[in-house]
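> What follows is a structure written as structure tokens; I'll ask about it next.
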Amino acid sequence: MNELNQDPQQETGKRSTKRTVATLALVTILMFGFAFAMVPLYRLVCSVTGINSIATNSGRTLAENIVTTTDTVSERNITVQFDATINGNVAWEFRPSVRSIVVKPGEKTTISYYVKNHSDEAVVTQSIPGVTPWQATKHLKKIECFCFDTQTLQAGEAKDMGLQFVIDPELPDDISTITLSYTIMDTNRSESLTPNTDNIPTVGSDSTASNNKNTNS
Amino acid sequence: MSNRFLKPCTAFALPSLLLTSGAVLAEYKFNFPEPVSPVTKEVFDLHMMTSAVALIIMVLVTIFFVYSIYKFRKSKNYEPDQEFHKGWFGTWSWALVPAIVLGIDLTIAGSASSTFDLIEDKTPADLTVKVTGSQWKWTYEYMEDDVKIVSTLLPKEEAGELYLRTVDNPLVLPTDRRVRFLHTATDVLHAWWVPAIAVKKDSIPGYINETWTIIEKEGNYHGQCAENCGTGHAFMPIQVNAIAGEEFDTWMSKQKEIKLAKMAEAASGKVWALDELMTKGEELYNKNCSACHKPDGSGIPPVFPPLKGSAIALGDVSKHLEVVIKGASGTAMAAWGNQLDDLELAAIITYERNAWENNTGDAVQPSDVKAAR
Amino acid sequence: MSTTTTHEDHHHAPPTGFGRWLFSTNHKDIGTMYLIFSLIMLFIGGGMAMLIRAELFYPGLQFLEPDLFNNLVTVHAIIMVFGVVMPAAAGMANWMVPLQIGAPDMALPRLNNLSFWLLPAAAILLMLSVIVPFFGGGTPVNTGWTLYPPLSIQSGMGMDLLIFTMHTLGISSILAAINIVTTIINMRAPGLTMMKLPLFIWAWLFTGILLIMIMPALAGGVTMLLFDRHFGTSFFDAAGGGDPVLFQHLFWFFGHPEVYVLLLPSIGVLGVIVPTFSRKPLFGYKSLVWGMGVLLLLGMVVWAHHQYTIGMSVAATNYFMIGTILISIPVGLMLFNFMLTMWRGAMTFETPMLFAIAIIVMFSFAGTTGVMLAVVPADLQYHDTYFVVAHFHYALIPGALFGLYAGVFFWLPKWTGHMYNETLGKIFFWWTTIGFNLTFFPQHFSGLAGMPRRIVDYSVQFVEFNQISSIGAFIFGLSHLLFVYIIIQTVRGGEKAADKPWEGAQIGTPGLEWTLSSPPPFHSFETPPTVK
């Protein structure tokens, strides 16, 4: 391909080889960039279209934007269930102040979540909201939420964290129950995520290892 | 090692061993287990329909090959038709074939959509159960009743042939009531899958998903964690015990009573006698602690220290409380504070301080634990 | 050893010794190295599969710890995908693309050398990732090849090595793809227009383009994973504002088209084998080319059918379901065209043709189970069970691996100058096909009966299916010793192969490779042939 291709036709071939390689290399670089562009893009697509994702659920709705809909308080009764999950292996308490309430769409509602840090170290927590059914995701609008920021808890500290939300009257008719679930996480993930494999059977200990039954609750 | 290696080898030599599961042949299936809820019944029908389409296509392909291989072979001096691809069929097959395939596709997609609508049906439920996956156990919370069940693998000796299908505390559900499941996880991905009663949705930390069911038949239903969750992935089975509605109500009120009694006991401020705590403590110790520290308190040094004659068990009570409640950082000792209640911890600590000739005579009270938290 | 550089005089005999291979810029030598590398990796990956099946022969834990078991499952997949099928297909492209288009070599010969020698480096990194957990490297990579966080965040150092492996493999295949695509576009012999190209060339053109589009996305995804693990970023960590589901999208954006990267070269091989042994031109050449193009486009936009269970919206789910089902159209068209190529032909049944027929039957079956899996409500049951395992092994072993075996038997006379032993070839075909079906057919049933994937221990109710499967796997695995024997035997000697060993090889195609001697000279087509 080198010296032996001396005729002019092959020379143009060489130039077009360069062009092809350059084009393909450019595509490669663009696609590598695309992977990183997926991060904001995914967030954007999800929050615009209301696809169930952490980004959609964590969205803040400005109070001013709610005012326009409050005059259209509907007569529908919607049950909102509150749920709490503690992520990882941590000594905390986390629960909603009420398990469920009945609200009308367009009506601002405030509740709170109770959290206590039983460990002897200060922790920085982040709560992640989740909504089900997913069709309600973009209709449950949070005006104030402890999930908008991280929360620092000193050793032994307890607090009530506020949440104010409103349900959009455009909530689809077939939905009458919405569950709003918060998962509280330690922002320092290194330790809380280490699993405890003590109770998993190992080779040669089939019959005994499973004895180490653990009835944590 | 060699012994273990030989086991499969012997079986390899003895094909008769292929039928080792004779006793559980009742569960032996070529297909999904019998569906018992409206959702799974529809999905099952859809599955059978697509399977039938697959079967028909495979039969046609096989017929084509059997005929072609028999007919169009050189050894039979068949003269190849060199112009075949230029005929009308060759000209139009690019449109005809996709049209036929599209027809089949749309039929399947159409019935899939109606089934999907049923899965997404939002009729209010009678009962909501939150299913939380953790490495490696399932936690069930009856949201309306505030009752919680933790469900782990039943060991081989107790489970027998149903090992890896049964659990210590099955999820109890009523038949003929609409149950809504909420799925989430506390560490990594899991998926709660009981094929007979509901479709699966992933349990993802930070997300909440839902599925629903109306179980139409009483019985025990089994399933497993379907999404790889690490070391213990194979060891977190699911068992659902479906019972009649009234039976369920009785069961539920009993669960609530037990819970209330426990709370009352802990809150009563009753001063417990040493032997009461010792009896309770021995049971709880064997259940929770003996795996590592051994029933005789000898431990497995150096990782799991002995408790018999240990400085902590014989020393200051407050130090002992701290280690058990908050764990010992940098060691295998877990923080039990959020896993056991005050009374349970008091009993265990009392037991540890008095068993195996430790004889400190300390009767640690639930109130001491509460104060130490 | 310095003789093998670009200054080398093209009319000299091939360089000898170690340097011939290490510094090779010759497409035939590099092709051979690719093929040998993938054969070695086939035995490593296959050996892991044997360990997995041996562990699953009996319920209970026999000799693999749960973490090691899932580590083997993970590494088996990565080896088979990146270490066997892709290098073997690239090796075949290295050999056949210049020969079939009448080019003297690849467009970028030195780059070609680099893209091969990155592979052994990647293989060493991969093996290290298996070994480090035994020397205090933390938890083995027990996630499966999908590497989903948060589980992949829990893994130890093996995970980092695996990520570097992915990077190295990614660079290697991107470079190979750029090289092959450039060669096909720019180095065709005069008169060889695009619509005269053998189907294998078309298939590799699409494969190369696909690789360039998807491998960088995977590289990006695993880089983010690496950053999350060590540099405090939160791409996939919810606590820091990330989203674990995003990784699944990134992975499958690569992962689904990757399936077509594995399949297309083999479809190309079928496109030259089926007409040869039917002694009749390929039926629907144009629709096959267009079909592959449509497959490429559709394949890029249906990735989320691997994630139906995450709880997507109805609109998204329906979109991905319909997109996925539509894939049956180009695939169905391709298989149908191959079948009609045989129709009214004069078939003979040499080993490559036997493989081709078996591929069409078994791949059709994989296609039908693929449609079953695409149907969302049913997939909510099938997902993550052995039904899926059975499906993709039916797609990838016939669809990719057997296609490559067929190609090896088809071109081995050309490469070595010797005919392989036809009887042994046929024995190998039946042995491996029966072993394969015995292994994977029962897995459909164990999946439906409720057995999830990636479990080290199972309940006794699944024992029959697993034992049949394991026995089948041992039969399947052993058959490959015969494969290696046949190849060595052919390389070392045997009946001399004619320049055109197959009677029908040039029917309906320029078939430039058959105009050369068997084996072809070290430097071929130094003067471009002219195609009329």
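> Starting from the Cα of B:LYS86, draw a straight line to each of the lysines and keep only those under 18 Å, dropping any in the same chain fewer than 8 residues away.
Filter leaves C:LYS196, C:LYS280, C:LYS286.
> I've got another one for you. Only loop residues by DSSP count here, and only those with at most 10 other Cβ atoms within 10 Å; note down the GluC sites (Glu not before Pro) in the range B:196-301 that meet that.
Details: sites: B:GLU210, B:GLU216, B:GLU218, B:GLU227, B:GLU246, B:GLU247, B:GLU257, B:GLU265, B:GLU276, B:GLU282, B:GLU283; in loops: B:GLU216, B:GLU218, B:GLU227.
Passing sites in the range B:196-301 do not exist.
> May I ask for log10 I(q)/I(0) of the range C:250-312 at q = 0.13, 0.14, 0.17, 0.29 Å⁻¹, from a Debye sum over the Cα atoms as equal point scatterers with solvent left out?
Cα-only, vacuum Debye calculation for the range C:250-312: -0.47, -0.52, -0.67, -1.19.
> Quick one: which residues, 5 or more positions from C:ASP237 or on another chain, have an amide H under 5 Å from its amide H? H modelled 1.01 Å from N in the peptide plane, none for Pro or chain starts.
Here C:GLY242, C:ASP243 satisfy the definition.
> Turning to a different aspect of this structure: Lysines near B:LYS201 by alpha-carbon distance under 22 Å, same-chain residues fewer than 8 away left out - which ones?
Partners found: A:LYS138, B:LYS41, B:LYS122, B:LYS130, B:LYS137, B:LYS148.
> Quick one: Debye curve from the alpha-carbon atoms of the range A:14-56 only, equal weights, vacuum; give me log10 I(q)/I(0) at q = 0.14, 0.22, 0.24, 0.27 Å⁻¹ to two decimals.
So the normalised log intensities are -0.49, -0.70, -0.76, -0.83.
> Which number comes out as Rg/Rh for the range A:61-190 once both Rg and the Kirkwood Rh are worked out on C-alpha atoms?
Details: Rg = 15.7 Å, Rh = 15.5 Å.
Result for the range A:61-190 is an Rg/Rh of 1.02.
> Could I ask something else about it? With axes computed from alpha carbons, what is the tilt in degrees of helix C:314-326 against the longest principal axis of chain C, rounded to the nearest 10 within 0 to 90?
Approximately 30 degrees, to the nearest ten.
> Can you list the HN-Hα couplings for the range C:235-245, worked out from phi with the Karplus curve (6.51, -1.76, 1.60; θ = phi - 60°), rounded to whole Hz and with x for Gly and Pro?
Ordered by residue, 3J(HN,Hα) equals 5, 10, 9, 4, 4, x, x, x, 8, x, 5 Hz.
> If you don't mind, another one. When a/c is below 1.5 the answer is rounded, else prolate if a/b is larger than b/c, else oblate, so apply that to the protein assembly as shown with a ≥ b ≥ c taken from the square roots of the Cα gyration tensor eigenvalues. The partial results should precede the final answer.
Numbers: a/c = 1.94, a/b = 1.79, b/c = 1.09.
Since a/c reaches 1.5 and a/b is larger than b/c, the shape of the protein assembly as shown is classed as prolate.
> Quick test of the membrane-span-like rule: which DSSP H helices of chain B reach at least 24 Å along their long axis (C-alpha atoms) with mean Kyte hydropathy at least -1.0? Provide the component values of the computation, followed by the final result.
Working: long enough: B:38-71 (49 Å, 1.36); B:88-119 (46 Å, 1.14); B:245-267 (33 Å, -0.75).
Sorted by number, the helices that extend far enough and score high enough are B:38-71, B:88-119, B:245-267.
> What do you get when you divide the Cα radius of gyration of chain B by 2.2 N^0.38 Å, with N the number of residues? Can you show the working numbers first?
Working: Rg = 29.9 Å, N = 373, 2.2 N^0.38 = 20.9 Å.
Taking N as the residue count of chain B, the ratio is 1.43.
> Give me the Debye-computed log₁₀ of I(q)/I(0) at q = 0.12, 0.16, 0.17 Å⁻¹ for the range C:373-496, equal point scatterers on Cα only, no solvent, two decimals.
Log10 I(q)/I(0), no solvent term: -0.55, -0.80, -0.86.
> Another question about this same structure. Using θ = phi - 60° and the Karplus relation 6.51 cos²θ - 1.76 cosθ + 1.60, list the HN-Hα couplings for the range B:181-188 in order, rounded to whole Hz, with x at every Gly or Pro.
Calculated HN-Hα couplings, in order: 9, 10, 10, 8, 9, 9, 9, 10 Hz.
> Percent of Cα-Cα pairs more than 16 Å apart in the range B:251-314, please. Intermediate values should be presented prior to the final figure.
Details: 1285 of 2016 pairs.
So the pairs more than 16 Å apart make up 64 percent of the total in the range B:251-314.
> Additional query: May I ask you to work out the translational diffusion coefficient for the range C:450-505 at 25 °C, viscosity 0.890 mPa s, via Stokes-Einstein with Rh from the Kirkwood sum over Cα pairs, reported in whole µm²/s? Write out the running numbers ahead of the final one.
Values: Rh = 15.4 Å.
Here the translational diffusion coefficient equals 160 µm²/s.
> Oh, and also: Could you calculate, for the range C:182-280, the ratio of the Cα radius of gyration to the Kirkwood radius, expressed as Rg to Rh? Spell out each step's value before the answer.
Values: Rg = 19.8 Å, Rh = 16.2 Å.
Looking at the range C:182-280, the ratio lands at 1.22.
> Starting from the Kirkwood radius over alpha-carbon pairs of the range B:269-372, derive D by Stokes-Einstein at 37 °C in a medium of 0.692 mPa s and give it in µm² s⁻¹. Please report the intermediate quantities before stating the final value.
Working: Rh = 13.3 Å.
Here the translational diffusion coefficient equals 246 µm²/s.
> Based on the alpha carbon coordinates of the range C:314-415, what radius of gyration and maximum Cα-Cα distance (Dmax) apply, in Å?
16.4, 54
> Given C:THR183, B:CYS225, A:CYS147, which one lies farthest toward the positive end of the charge dipole of the protein assembly as shown, if we put +1 on the Cβ of every Lys and Arg and -1 on the Cβ of every Asp and Glu?
Of the listed residues, the answer is C:THR183.
> Okay, moving on. Cα centroid distance between the range B:79-114 and the range C:61-83, in Å?
So the separation of the two Cα centres works out to 41 Å.
> Checking a compactness column here: for chain C, what do you get for Rg(Cα) / (2.2 N^0.38 Å), N being the number of residues?
Details: Rg = 22.8 Å, N = 532, 2.2 N^0.38 = 23.9 Å.
Here the answer is 0.95, to two decimals.
> Shifting gears a bit: What Kirkwood hydrodynamic radius do you get for the range B:38-119 when you take the inverse of the mean 1/r over all pairs of distinct Cα atoms, in Å? Provide the component values of the computation, followed by the final result.
Numbers: mean 1/r = 0.0623 Å⁻¹.
Result for the range B:38-119 stands at 16.0 Å.
> Would you list the P(r) distribution for the range C:110-188, with all Cα-Cα distances sorted into 5 Å bins from 0 and each bin expressed as a whole %?
Each 5 Å bin holds this share of Cα pairs: 3, 16, 20, 18, 13, 10, 9, 6, 3, 2, 0.
> To the nearest Å, what is the center-to-center distance of the range B:263-334 and the range C:341-415, using C-alpha atoms only?
When both Cα centres are located, 60 Å separates them.
> Could you please rank A:ILE200, A:ILE51, placing first whichever residue has the fewest other Cβ atoms within 10 Å of its Cβ? Show your work: numbers first, answer last.
Values: A:ILE200 25, A:ILE51 20.
Fewest-to-most Cβ neighbours within 10 Å comes out as A:ILE51, A:ILE200.
> Continuing with this model, one more query. Amide H to amide H, which residues 5 or more places from C:LEU147 or on other chains are under 5 Å from it, using H placed in the peptide plane?
none
> Given the protein assembly as shown, what percent of its DSSP beta bridges are antiparallel, to the nearest 5? It would help to have the intermediate numbers written out before the result.
Numbers: 64 of 85 bridges.
Expressed as a percentage, antiparallel bridges in the protein assembly as shown total about 75.
> OK, next. How many angstrom separate the Cα center of the range C:311-330 from the Cα center of the range C:195-211?
The range C:311-330 and the range C:195-211 have Cα centres spaced 27 Å from each other.
> Rounded to the nearest 10 degrees, what's the angle between the helix C:66-78 long axis and the longest principal axis of chain C, both from Cα atoms, 0 to 90?
Roughly 30 degrees between the two axes.
> Let me know the whole percent of all Cα-Cα pairs from the range B:127-264 that are separated by more than 21 Å. The partial results should precede the final answer.
Working: 3701 of 9453 pairs.
Here the tail beyond 21 Å accounts for 39 percent of pairs.
> Of all the C-alpha pairs in the range C:41-172, what % are more than 27 Å from each other?
On the way: 2483 of 8646 pairs.
Roughly 29 percent, rounded to a whole number.
> Moving on to the next point. Where a Cα-Cα gap under 15 Å defines reach, which aspartates and glutamates qualify for B:LYS287, not counting those fewer than 8 residues away within the same chain?
The reachable aspartates and glutamates, counting only those whose Cα sits under 15 Å from B:LYS287, are A:ASP198, B:GLU158, B:ASP168, B:ASP296, B:ASP341, B:GLU344, B:GLU352.
> In addition: Quick one: compute the contact order of chain C, relative version, from alpha carbon pairs under 8 angstrom and 6+ residues apart, as a percent. Mind dumping the intermediate values first?
Working: 895 pairs, mean separation 96.4, N = 532.
Relative contact order of chain C: 18 percent.
> With angles folded into 0 to 90 degrees, how steeply does helix C:86-101 sit against the dominant principal axis of chain C? Use alpha carbons for both and round to 10.
Relative to chain C, helix C:86-101 is tipped by roughly 20 degrees.
Throughout, read-outs are computed from the coordinates displayed, never taken from laboratory work. Source: prediction; values computed, not measured. Neighbour counts run over all protein chains shown; Cβ positions are idealised from the backbone, glycine included.
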